[in-house]
Each structure stands twice: as structure tokens, then as C-alpha cells.
1. What is the antiparallel percent of DSSP beta bridges lying wholly in the chain, to the nearest 5?
2. Just to confirm a number: summing +1 for Lys and Arg and -1 for Asp and Glu over residues other than Leu58 whose beta-carbon lies under 15 angstrom from that of Leu58, what do you get?
3. Pick the calculated Rg and Dmax of the Cα atoms in Å for this structure from (i) 22.6, 68; (ii) 37.5, 150; (iii) 29.0, 99?
4. For the peptides 252-259, 369-376, 334-341, what is the packing order when you average, over each peptide's residues, the other Cβ atoms within 10 Å and list the highest mean first?
5. Work out which helices of the chain, taken as complete DSSP H runs, extend at least 20 Å along their axis over the Cα atoms and score a mean Kyte-Doolittle of 0.5 or more, then list them.
6. How do Glu434, Glu462, Glu499 stack up against each other in accessible area, from largest to smallest, with a 1.4 angstrom probe?
7. Where does each of 478-486, 409-417, 48-56 land if you order them by average Cβ count within 10 Å, highest first?
8. When the Cα centres of the range 273-305 and the range 186-250 are compared, how far apart do they sit, in Å?
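The values are calculated or read from the model by the stated rules, or taken from the named source; none is laboratory data. Here the structure is a predicted model, which means the values were calculated and not measured. For neighbour counting, all protein chains shown are included, and Cβ atoms are generated from backbone atoms with ideal geometry for every residue, glycine included. With ligands, DNA and RNA removed, areas are computed over all heavy atoms of the protein, side chains included. Shrake-Rupley method; radii C 1.70, N 1.55, O 1.52, S 1.80 Å.
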Amino acid sequence: MAKRSSPTLVNQWFSNPSKDLLSGLVVAFAMIPEAIAFSGIAGVDPKVGLFGAFCLSLTIAVVGGRMAMITSATGSTALLMTGLVATGEARGAGLGVQYLMVAGLVTGVLQILWGYMRLAYQMRFVPQGVLSGFVNALALLIFQAQLPQLGLNLHAGDGDHGASSLLPHGGQIPIVWGLVLLGLLIIYGLPRLTRVVPSQLVAIVVLTLISVGFSFDIPTVSSLGTLPGGLPSFQLPFGAEGVPFNLDTLGLVLPTALAISLVGLMETFLTQDILDDKTDSTSNKNVEARGQGMANIVSSLFGGMAGCALVGQSVMNVDNGGRTRLSTLFSGVSLLAMILLAGPWLRQIPMAALVAVMISIAVSTADINGLRNLRRIPKSDTSVMVMTFAVTMLTTPHNLALGVLAGVALAGILFSRKVAKVIRVETIDVSDQERRYRVVGQLFFVSKVYFLQGFDLHDHPERIVIDLSSAHIWDQSGVAALDQVIRKLRLGGSEVMVEGLNKESLDLFERIGGQESAHA
């Protein structure tokens, strides 16, 4: 079969201009509310998320490894930023954002490093149960972040740096609940009638008109902070008005940056797989990892927050006909143009509208099919999903990266137990004076117990042959187990012979122990 050639530079940009431009424009409308809402989750001004969306889209369009994929500020990365922003503010007024920019720079450097280290290849070891637990935890955290906007502030009285202006009070709560319910009705009801216009955008417009028309005194986007009044400008987060350039700063931001770099790439790779499947194409994840790193560095240098690929908007772009880098680029350009031209309208968007959008995103993020099929899924997969979910939710702050690591570790343990039970030792009594043991399977630290149980170490015929032609020794524990069996049988007076060791197993056996036994 002929190898599929890579598209030329012209084809990467201009092979589908009309659909790319239209799709990019539609996606930009859907990016605005999310970028603003994710800024609120991270605890920064809306302009930080909007600048991030603009810079990330423009940069990834040029250096990304997957055409037509949309990168912006996301819920998974925003959730990881809250603790750092609060810590930065505690160190000095206004420094929360500066520490966030430093974390974005470190995130970018780490992601470029992960790309050159081919981290994407290690995604083969992340099972479906971990991915399911990851997205379910992310969905719940996004939903949980909306509760204060509904008057359900679980941490009231903590003194969150003026955040009380964002929360509804008294008579505002019924109005906010009513608007949120109306917004959800539009988001889920409108697609049954038409999909020409994104239902999330329609919900925002309708709820804004109602709020302005009835002069509701409820929190709006302007309550979050300052919207952009112009193009983003280059600025280093270090210096006289920024954070100190020293190891203390690096130590503070590194845990957050490490988590963002890993969680961001995991969501990006997942999105990449979805788009590859939808378009029947392939793309380079390691190139994409390096591109994400460059994009996060650029975003941080221009006052934007770090981010990663957006599943919903990327799928929307492809479904609307977006296929090349032009669609990604134009989504960012359109987003900034709308911000600059429609700034006064954006400031009047009620927070209730964004809550409705974020709840719909939480629902679409969750692995609903996986939850429905819990009874059909193997218990080991369910355990891995629950472990990933539980560790993420129980850690403080909620650490998606740690949850993923815990899930992968449990999956490895459970898989090792399954493999361990596959090994078996067959006993063949050739005569009264000779016995053969035939070992079938993988001999390593977990299967060692089952291996030892297969031998009768108290009965000692004159000659014993251990046939390992259908087995493989993987580690020091396996070598020690075989050496132990040979030694005990010989101590009982039997002549022991080992045969059938493959080259790799024999080399390992001779290198770390049992040289005499191997040559017996």
C-alpha cells in the first residue's frame, strides 16, 4: 500500500478557505463565553482568558501537529490555577496573575521537553478506565465551580479577595436560578430545531437581552474584572513590578506548571485522537506537544493564561467543515475582533448565562456512556476509573495529574495480577526416578508466588528436569524464584537440569545469579 504523503504548506492553509473561514467564525462565538468563564474559575480578569484564547489559537495554527484543532483556555487547566493565583495574591496585590504567567512559561518549556522525550508514545499505557475517571472528575469539578454562582457558596466567609461581588444575594438567587434553567432549556432544546447557530451562543444572547431589558441587579461579566480594550502587549512577568526571578519563584510555580503540562497534553492527545478518527487521518502527537508548549509560552508573554485543546470546539470546527490551519487561525482573529468591537455588550452578559454554558460543558465532558455501562465493564476497569476519580477529588487542590498517575498505577497492578495467574507449572512423572516440570507463562515479581506453588519441594526423585521453553524470565524476582527452586531440589538430593531458557532469560539468569544452575 502506498504511503500517504504529507500535505504541502499551501494545502495546510488554503485547500478549503471558504469552509475554514466560516467554521472559524462560528467557533470564535463559542470560545468567548468559555474563555470568560474559565477566567472566573482561575480567579483572574476575563482579559487573561480572552488573551490566552487569542494567542493560543494564532500560535498553534502555525506550529501545531494537528490541523483544525482548537486550542484555548480550558476548564482542566483553569482548575489547576486557582491555588497558585490565591497564593500569588497573598504575596502581594496583583501578583497572582504574574505568578500565573510564570507558571505558563514553565508549562510551555515542560511541554516542549515532553515533546522531544516522545511522551505521546507513553499514552499507550493509559487505559480507558483512567481516561474515563479523568473526564468524569473534570466534569464534576467544572460543575462544582458553578455552585457559588447559584448561591451555593460552600466556602462562604473565607474572604476570597472581593469575590462576593460575583455571587448572587438574597432576592437575586431566584432570578439567577430562573435564568440558568432557561439557558439550559435553550442549549439543549434549540439543537432539536436547528443547528445553524450554536445553541450556547443563542442562550447567552437571550439571557443578556432579558437581564438588560428587565434591569436585573445580578452579577455580570463586568463583575469579573476588566475586559480587553486593545491588542495584547508583550510583557515579562519578572522585574520591578513583577515577581522575583529566583528559585523560590520556580519552586512555587513548578507543581502547578507540571500538573498543567501533563493534564493539558492528556486532554490535547485525547482531542487529537477524536479528530483523527472523525477525519480518517493521522497526526503527530509529539509535534503537537511541542506546539502546545510554544503556544503557552507565547500566551504567557502576552498576558494570557495557559491552555490546551478544546474537545467541544475542535469537534464543532470539524463538523462545520474546518480542515486546515486557516480555521484555527481565523477563530482566534475573529475572537479578538469581536471582543474589541462588542466589548460593551460582553460586559453586560449575566454570569447566569455563563453558568448555564459551563453546566452544559460539564455534562458533555463526562463519560456518560461509561457510567451507563458500569455493570458491563470489568470490575478492574471500574476500579481504575473510581481510583482516578477519587484521588482527583480528594486531593487539595484537586490534582488531575495525580489522579491520572494513581489510576495508571492501579491499572498496572491489576494487569500484573492477571498476567501472574496465567503462569502454570505442569508436572510430568516420566518414571520413579525422573520427573519433568513444564513451565508456561511469564515469570516476574508478581507471578513468583504462583511459580513456587507449582513445585513439590518435599519429594526428591533422582532426576528433575525443569522445561522453560514456553516461559520467559523478566526480572530479578523471577531469577531468584527459579534459583530458589533449583537450590531446594538439589539440597534434597535430586539432580536438577534446566532446559529451554531463551537467550534473553538465560542472559538475565547468568548476569544476576544462578550461574551454576543455568549450566547444569
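1. Of the beta bridges lying entirely in the chain, close to 40 percent run antiparallel.
2. Cβ neighbours under 15 Å give a net charge of 0.
3. Of the listed options (i) 22.6, 68; (ii) 37.5, 150; (iii) 29.0, 99, (iii) comes from this structure.
4. For the peptides 252-259, 369-376, 334-341, the packing ranking is 252-259, 334-341, 369-376.
5. Membrane-span-like by this criterion, though nothing is claimed about a membrane: 17-42, 46-63, 95-116, 128-144, 172-189, 199-213, 247-279, 325-341, 351-365, 379-394, 400-422.
6. Glu462, Glu499, Glu434
7. Highest to lowest by the protection proxy: 48-56, 478-486, 409-417.
8. After rounding, the separation between the Cα centres reads 23 Å.
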